[in-house]
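The values are calculated or read from the model by the stated rules, or taken from the named source; none is laboratory data. Owing to the predicted nature of the structure, the values given are computational and were not obtained by experimental measurement. Methodologically, a virtual Cβ is constructed for each residue, glycine included, from the backbone with ideal geometry; neighbour enumeration extends over all protein chains shown. Accessible surface areas use protein heavy atoms only, side chains included; no ligands, DNA or RNA. Shrake-Rupley method; radii C 1.70, N 1.55, O 1.52, S 1.80 Å.
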Amino acid sequence: MTYLDCNRLSKIDPEIFRAQEPFPWLNPEGLLTDEGYQRLREALPDVSLFERRFDAQRKYGQKSHDRYTLEWRTDPPVADPWKEFIAELEGRVYRNFLESLIATSSFSLNFHWHYTPNGCSVSPHCDAKRKLGSHIFYFNTKDDWDPSWGGTTVILDDHGRLHSDSAPSFEDFDHVIESQALGNYSLLFSRKGNSWHGVQEIHCPEGALRKVFIVEIIHQNIASRARYFLFGRHAAGY
């Protein structure tokens, strides 16, 4: 059983990715095999395993990113398909794919799930400087989500006007690009100084949840390597 579609990964052109505006990003369909995607959907972890993160203070006055979150590095009791999928993500094929896009091999990976309920949003922001990029896999389909409810990640273009250490609203951007976020789509982007993105407020029925799985690509510095050798992968944030 494989989860990543290696043929589709191999067809992504790193030069096209890096030339994207306003920063490097892509929103491909089908990077997971059909069978693998379905197995992962059926085995999604229950929200009871998640930590509730609401009303958290953010830097620069940005609005709280409210959601339920589950971190892989805490060794959660998730189903076998997810353990198998994460093993693939930690394997050579996926790592080669990321190295070709971000043009470095000096990184580690963090994994987590986010479930987002009605009324929540992800305010416009640029990711922390420790990140080289993120890969978001979407796990809602037409069976449990109506596109009119929202939930798409939007790429935001300010034409370089805004400082990353600020708290703009969605209306402050010159161009808003909506990604595809229903079904077997994912969104991968590289962190730059202007890599603004977010999720506008969700309007869904009570009980519905926007469900994503995120791979964080973390800059691997000397300190993180030392923690890894001294205390193991989880202490280093791997």
Discussion item. Every residue in region 150-183 that is closer than 24 Å to His203 by Cβ, part of a loop (DSSP other than H, G, I, E, B) and either open to solvent by 30 Å² or more (accessible area, probe 1.4 Å) or not hydroxyl-bearing (Ser, Thr, Tyr) (or both), please.
Written reply: Gly150, Gly151, Thr152, Ala167, Pro168, Ser169, Phe173, Gln180, Ala181, Leu182, Gly183
Worksheet item: How do the pairs read when you match residues in region 1-28 that are under 19 Å from Ala103 (Cβ atoms) with residues anywhere that are of a type in the set (Ser, Thr, Tyr) and in a loop (DSSP other than H, G, I, E, B), using Cβ under 7 Å and keeping only pairs 6 or more apart or on different chains?
Response: Phe23/Ser195
Worksheet item: Can you tell me which residues in region 115-132 are open to solvent by 20 Å² or more (accessible area, probe 1.4 Å), outside any loop (DSSP other than H, G, I, E, B) and either of a type outside the set (A, V, I, L, M) or within 21 Å of Phe54 (Cα to Cα) (or both)?
Response: Val122, Lys131
Item to complete: Determine if region 12-26 includes at least one residue that is among the hydrophobic types (A, V, I, L, M, F, W, C), in a helix (DSSP H, G or I) and surrounded by fewer than 12 Cβ atoms within 10 Å (Cβ to Cβ).
Response: yes
Discussion item. Can you find, within region 72-91, the residue that is most open to solvent (accessible area, probe 1.4 Å) among those that are among the hydrophobic types (A, V, I, L, M, F, W, C) and part of a helix (DSSP H, G or I)?
Written reply: Ala87
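Just give me the residues in region 133-149 being open to solvent by less than 40 Å² (accessible area, probe 1.4 Å) and out of contact with any Asp or Glu (no Cβ under 7 Å at 6 or more places or on another chain), in sequence order.
Step one: filter region 133-149 for residues open to solvent by less than 40 Å² (accessible area, probe 1.4 Å), giving 133-141, 145.
Of everything in region 133-149, those that are open to solvent by less than 40 Å² (accessible area, probe 1.4 Å) and out of contact with any Asp or Glu (no Cβ under 7 Å at 6 or more places or on another chain) turn out to be Gly133, His135, Ile136, Phe137, Tyr138, Phe139, Asn140, Thr141, Trp145.
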